[in-house]
1. Which number in (1) at pLDDT 95 or above; (2) of a type outside the set (D, E, K, R); (3) touching a Lys or Arg at 6+ places or on another chain (Cβ under 7 Å) marks the one condition that Ser111 misses?
2. What's the total number of residues in the range 2-18 that are of a type outside the set (S, T, N, Q), part of a helix (DSSP H, G or I) and either over 17 Å from Leu89 (Cβ atoms) or open to solvent by 70 Å² or more (accessible area, probe 1.4 Å) (or both)?
3. Within the range 125-132, can one find any residue that is in contact with a Cys (Cβ under 6 Å, 6 or more places away or on another chain) and open to solvent by less than 70 Å² (accessible area, probe 1.4 Å)?
4. Scanning the range 38-64 for residues that are under 12 Å from Trp87 (Cβ atoms) and part of a loop (DSSP other than H, G, I, E, B), which turns out least open to solvent (accessible area, probe 1.4 Å)?
5. Pairs under 6 Å by beta carbon, first residue within 14 Å of Cys88 (Cβ to Cβ) in the range 110-122, partner open to solvent by 90 Å² or more (accessible area, probe 1.4 Å), six or more apart or different chains?
6. Checking Trp106 against (1) of a type outside the set (Lys, Arg); (2) over 16 Å from Gly44 (Cα atoms); (3) open to solvent by 40 Å² or more (accessible area, probe 1.4 Å): exactly one of these is not met. Which one?
7. Which number in (1) in a helix (DSSP H, G or I); (2) surrounded by 14 or more Cβ atoms within 10 Å (Cβ to Cβ) marks the one condition that Cys35 misses?
Amino acid sequence: MTWTQIEFNKLNARQKENFNFQKIAAVLADYGFNCIKLTDDWNGADFLAYHIDGETTLKVQLKSRLTVAKKYQYKNIYMAFPINDKWCLIEHDELLTIVNEVSPSWFQTVSWNENGKYGTGKVSLVLQQKLQPYLLQTMNTVSEF
């Protein structure tokens, strides 16, 4: 067999979501999480991340870009989305607070007021700096077992 890497942009929407799930799950493994993909949005979550401590479980909504939505408020949902070459993982309501500090105009848009959500693929440098503590690092190594 010849191994050929795929071109992400040639994938359909479902394939892109599956691809991104595998990528974030690999990074979360470095933090002690086992991720389980859900077949439908359960309480707003695309997947559950169970920590090895046996106590911590995160409900995670996976996005291809920074997104906030009214339907995720007050539900203890974590948002996972890429920023440049890293994954950001942040509790949704904390993300709302940070966005409101940096870009309050998002909440005066038609998208937010009529559709209940706002998203962007271009995260400002100021917002990137505020989100720095929520960016996940990866070990980029394979461990023996």
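The values are calculated or read from the model by the stated rules, or taken from the named source; none is laboratory data. Since the structure is predicted, the reported quantities are computational estimates derived from the model, not experimental observations. Here Cβ is always computed from backbone atoms with ideal geometry, including for glycine, and neighbour counts include all displayed protein chains. Accessible surface is based on the protein model in full, side chains and every heavy atom, while ligands, DNA and RNA are left aside. Shrake-Rupley method; radii C 1.70, N 1.55, O 1.52, S 1.80 Å.
1. (1)
2. Initially, the range 2-18 is screened for residues of a type outside the set (S, T, N, Q), giving 3, 6-8, 10-11, 13-14, 16-17.
Add one more test, that the residue is part of a helix (DSSP H, G or I), and what stays is 8, 10, 13-14, 16-17.
When the remaining residues are screened for being either over 17 Å from Leu89 (Cβ atoms) or open to solvent by 70 Å² or more (accessible area, probe 1.4 Å) (or both), the result is 8, 10, 13-14, 16.
Going through the range 2-18 one residue at a time, the tally reaches 5.
3. yes
4. Checked the range 38-64; the qualifying residue least open to solvent (accessible area, probe 1.4 Å) is Lys63.
5. Cβ pairs passing all conditions: Gly119/Arg65; Gly121/Arg65.
6. (3)
7. (1) is the only condition that Cys35 fails.
Let's see how each residue does on (1) of a type in the set (A, V, I, L, M); (2) open to solvent by 20 Å² or more (accessible area, probe 1.4 Å); (3) within 22 Å of Gln15 (Cα to Cα):
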{"position": "Leu66", "(1), (2), (3)": "yes, no, yes"}
{"position": "Met79", "(1), (2), (3)": "yes, no, yes"}
{"position": "Pro82", "(1), (2), (3)": "no, yes, yes"}
{"position": "Asn115", "(1), (2), (3)": "no, yes, no"}
